[in-house]
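**Student:** Got a structure for you, written out below as structure tokens; questions coming shortly.
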């Protein structure tokens, strides 16, 4: 592996290692404004996207873990297929584990697939 690829690989791993984990109590979700009535209002669109969309903290964790695990497998084996299949295997195993308690979430698998696709693309780029 060339020096430039090794430097890029080190930069990717440092970025992943130094990144802050997303938490449910992240300040990215704005505090609800004071209400005059006792009825609970429906959250604003921006809040709903953070709570239920693909950008939800849990789904970002799925995507980044799949990306990291896939990169680890793909770059050590220099096989892009190992990157995507290993990352998806972790994601599927995690969701099957969650299904025991009735917490299976198909969108978590979508986030895992996005991370696996990123690992595939990065592995192809770095191992050429």
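**Student:** If each residue of separation counts as 0.36 nm, what is the full-extension length gain between residue 110 and residue 92 once their alpha-carbon separation is subtracted? It would help to have the intermediate numbers written out before the result.
**Tutor:** Details: separation 18, 0.36 × 18 = 6.48 nm, distance 1.04 nm.
This chain segment gains 5.4 nm when fully extended.
**Student:** If I model a spin label at residue 44 and residue 101 as a point 7 Å from the Cα along the Cα→Cβ vector, what separation in nanometres do I get?
**Tutor:** Distance between the two pseudo-spin positions: 3.2 nm.
**Student:** Quick one: length gained pulling residue 128 to residue 78 fully straight, 0.36 nm per residue minus the C-alpha distance? Show your work: numbers first, answer last.
**Tutor:** Values: separation 50, 0.36 × 50 = 18.00 nm, distance 0.92 nm.
So the chain would gain 17.1 nm between residue 128 and residue 78.
**Student:** Mind sorting 95, 78 by how few other Cβ atoms lie within 10 Å of their own Cβ, fewest first?
**Tutor:** Details: 95 17, 78 12.
So the residues, fewest neighbours to most, are 78, 95.
**Student:** Compute the Kirkwood hydrodynamic radius of segment 60-128, taking the inverse of the mean of 1/r over all pairs of distinct Cα atoms, and give it in Å to one decimal. Walk me through the numbers on the way to the answer.
**Tutor:** Working: mean 1/r = 0.0867 Å⁻¹.
One over the average 1/r among Cα pairs gives 11.5 Å for segment 60-128.
Coordinate-derived values only; no laboratory data. Here the structure is a predicted model, which is why all the values come from computation and not from measurement. Reconstructed Cβ throughout: ideal geometry from the backbone, glycine too, with neighbour counts over all protein chains shown.
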